[in-house]
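A short reminder: the numbers here are calculations on the coordinates, not readings from a lab. Given the structure is predicted, the values throughout are model-derived calculations rather than measurements. Virtual Cβ from ideal backbone geometry, glycine too; neighbours counted across all protein chains shown.
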Amino acid sequence: MTKRKKIREQGKIKFSWAFQEFNQGDVVSVVREKSKSANFPKRIQGRCGVIEEKRGRSFIVRINDLEKEKKFIINPLHLKRLMMNSNLLQEVKK
């Protein structure tokens, strides 16, 4: 994964991404925004998780990492809501 954006992707971030709202139990994917610093490990890039609660401006996301359940505090700028069918939703929420 590159550390920089391509030249055409550079510029301001969409304002709505920074102020996304999620509800408890929503399934999200971790997508690192390269133009802002991310305070979470690179290994969880692209992983799916479940929103636990809101803490300040960030959200606590529960992710299975190497068969252990871990919680990460992630800024909404780096999260993307997923629309899933019921079978996949059951697996992620376990």
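Numbers at a glance
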{"item": "Links that overshoot a 27 Å alpha carbon limit, given the list K42/K80; K5/K54; K6/K68", "result": "K5/K54; K6/K68"}
{"item": "Which label in [x] 42, 24, 19; [y] 40, 26, 26; [z] 60, 26, 22 gives the computed Cα extents along the principal axes in Å", "result": "[y]"}
{"item": "In region 53-85, trypsin sites (Lys or Arg not before Pro) in a DSSP loop with at most 12 other beta-carbon atoms within 10 Å", "result": "R57"}
{"item": "Relative contact order computed over the chain (Cα-Cα under 8 Å; 6+ residues apart), in percent", "result": "30 percent"}
{"item": "Sequence-distant aspartates and glutamates (8 or more away, or on other chains) whose Cα lies within less than 14 Å of K12", "result": "E33"}
{"item": "Environment charge at W17 (Cβ cut-off 12 Å; Lys +1, Arg +1, Asp -1, Glu -1)", "result": "+3"}
{"item": "Cross-link reach list, aspartates and glutamates versus K36, counting only Cα pairs under 18 Å and skipping chain neighbours closer than eight places", "result": "E9"}
